[in-house]
Number of protein chains: 2
Amino acid sequence: MVRWDMEISKDHPRYRSLVTRERMSRLVDEGIVAPTGLIAHGRGEAFDYLLGERTIPVADAAARVAAAHLLEASHPVISVNGNATGLCAEALISLARAIPARMEVNLFHYSTERVERVCRYLEAAGARDLLGRRQESRLDGIASDRARCATEGTYQADVVLIPLEDGDRAGALARAGKVVLAIDLNPLSRTAAESSVAVVDELTRAVPNIERHVNELRDRPEERRALISDFNNARNLERMRKAMCALLEPAPNK
Amino acid sequence: MVRWDMEISKDHPRYRSLVTRERMSRLVDEGIVAPTGLIAHGRGEAFDYLLGERTIPVADAAARVAAAHLLEASHPVISVNGNATGLCAEALISLARAIPARMEVNLFHYSTERVERVCRYLEAAGARDLLGRRQESRLDGIASDRARCATEGTYQADVVLIPLEDGDRAGALARAGKVVLAIDLNPLSRTAAESSVAVVDELTRAVPNIERHVNELRDRPEERRALISDFNNARNLERMRKAMCALLEPAPNK
């Protein structure tokens, strides 16, 4: 058995990122994060470099619109996968309480055993009334097992928050007429394009940020509706792409 | 034990990428690829999206300069890690023969057992005279185990090709006065910035491409020297960044 543990020097310029990487890697051994989930995490890291690893104002504005949708919903659901669980279980549970919304476990790499592991991990972190152990319904428009979902969860939801979801499922949720709120660092992804609101931000920053907006908007129904009607996701994504270019593109005076 | 295997539909828009992902994930079980190597692979995938997953002319030009350096070297070495082995062992072996250059295994997550596994994997793919099982020397300027290297390999090399190397080691090689040729999809990385020539391209495209240039330049010493003296890595990286922006930035008429 090869051991992968390593000491990470606090002097390393990417210390925080390396610690998260090591933690995500360990969660593969626990069956929480899928190995290909690590690859997805890496893609996110790259796009986060292009944001300077911070929440930019455009992303914060989208987070506020997402919060407005979550409060306006009659049946809001947060869909959680392995990476979301590994990165920020506590923050997702806290957000679900604040709205309040149901949480449903939906895995890209599905097995009953893995669902159980992820559910137990979330319950140990404080989650209650989790959905996802039973998946009695199916979304139209996806051939794979990922069509499966909980009847009381995403199937009946009018608003679904999908942190780190794949494009097939995001598209199927949108075609089912749901308001899809994505958290996705790739502004070119199908998930970002197919969602009603794409929050292009790193998950551990975005989720507490959405919760803050939920608390601020709780007693402001008019502002919520104005935020929702004024929002244009294509324009949001265009602005995010411009912001990423600003960091990537060399300064004109060079 | 959670099983992660899954069927991938050939209709999936990212079929080729998904197949590579599954293969890299399986190589973690074999001890060839490190779990955090999967995260690094994901970062590369994201930057490759921004290239349209193709070798752009600027990257091809850098590959030609890298080939010129490899042919001009008196002691060229190709340094190989777990990801490089998993992605393109055969192409790296073929390139080493074409130059000819020595190959040395250098792992970020080092253990004698893992070095042995990677060496055996490469030998099964046809590698001969591999260096790296013994690491008798140390590079200055790195505190960690990654300072270690083979005396006959990177320690004595005048030109080192580093596919997918980390920034610390790339910097130490450069400070040791070596010509550092990097293959790295991130044009903002320290590895790309600290190298003499950064080929910003996906490894399985870049390595055969460098070999093609080696064959073309073999009998053209004057062209080789002109290529080397005309090359400016900062300008190369600037052009790569501009090219990535072109895909990221929305079209002006939108």
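Of note:
- Per-peptide average of other Cβ atoms within 10 Å, ordering A:231-243, B:41-53, A:76-88 highest first: A:76-88, B:41-53, A:231-243
- Over chain A, Cα pairs under 8 Å with separation of 6+ residues give a relative contact order of 23 percent.
- Each Lys and Arg Cβ is given +1 and each Asp and Glu Cβ -1; about its Cα centre, the stretch B:57-245 then shows a dipole of about 120 debye.
- If the convex hull is drawn through the Cα atoms of chain B, its volume per residue in Å³: 145 Å³
- Projecting 7 Å from Cα along the Cα-to-Cβ direction, the label point of B:D29 sits 1.8 nm from its equivalents in the other copies, listed shortest first.
- In the assembly of identical copies, B:D145 has its label point, taken 7 Å from Cα in the direction of the beta carbon, separated from the corresponding points by 3.5 nm (ascending, one decimal).
- In terms of the mean number of neighbouring beta-carbon atoms within 10 Å, the peptides A:183-195, B:104-116, B:15-27 order highest first as A:183-195, B:104-116, B:15-27.
- Think of the protein assembly as shown as having a plus end and a minus end, set by charges on the Cβ of Lys, Arg, Asp and Glu; of B:V105, B:Q156, B:L131, B:Q156 sits farthest toward the positive end of this dipole.
- Relative counts (whole %) of C-alpha pair distances in the stretch A:108-172, using bins that are 10 Å wide: 19, 54, 25, 1
- Translational diffusion of the stretch B:137-254, µm² s⁻¹ [Kirkwood Rh, Cα pairs; Stokes-Einstein; 20 °C; 1.002 mPa s]: 136 µm²/s
- Closest-to-axis residue of chain B (Cβ criterion, axis taking B to A), whole Å: B:G42, 1
- Beta bridges from DSSP with both residues in the stretch B:57-245: antiparallel share about 10 percent, rounded to the nearest 5.
- Helical mean residue ellipticity (222 nm; -39500 (n - 2.57) per DSSP H run of 4+; nearest 500) of the protein assembly as shown: -16500 deg cm²/dmol
- Shape category assigned to the protein assembly as shown from the gyration tensor of Cα positions, a/c cut at 1.5: prolate
- Counting Cβ atoms of other protein chains within 10 Å of each residue's Cβ and taking the mean over peptide A:243-249 gives 6.
- This model, with +1 at the C-beta of Lys and Arg and -1 at the C-beta of Asp and Glu, gives the protein assembly as shown a dipole about its Cα centre of some 260 debye.
- Of the solvent-accessible surface of the stretch A:57-245, computed with a 1.4 Å probe over protein heavy atoms with every protein chain present, carbon and sulfur atoms account for 47 percent.
- Cross-link partners of B:K242 among aspartates and glutamates, defined as those whose alpha carbon lies under 13 angstrom from its own and excluding same-chain residues fewer than eight positions apart: A:E249.
- Residue-averaged beta-carbon neighbours from other chains (10 angstrom radius) around B:25-37: 4
- Heavy atoms of chains B and A lose about 4200 Å² of accessible surface on contact, summed over both sides with a 1.4 Å probe.
- Within 10 Å of each Cβ in B:45-52, the average number of Cβ atoms from other chains: 5
- Positive-end extreme of charge dipole, the stretch A:57-245 - chosen from A:A96, A:G177, A:L217 (charges on Cβ): A:G177
- Near A:M103, the amide H atoms lying under 5 Å from its own belong to A:I78, A:L131; only residues 5 or more places off or on other chains count, and H is placed 1.01 Å from N.
- Geometric extent, Cα atoms of the stretch B:26-78 - Rg, Dmax (angstrom): 15.5, 39
- Compactness of the stretch B:25-157 was expressed as the Cα radius of gyration divided by 2.2 N^0.38 Å, which yields 1.09.
The values are calculated or read from the model by the stated rules, or taken from the named source; none is laboratory data. Model, not experiment: these values are computed from the prediction. Don't worry about glycine lacking a Cβ; one is built from the backbone with ideal geometry, like all the others, and counts go over all protein chains shown. Protein only, heavy atoms only, side chains kept; ligands, DNA and RNA dropped before computing areas. Shrake-Rupley method; radii C 1.70, N 1.55, O 1.52, S 1.80 Å.
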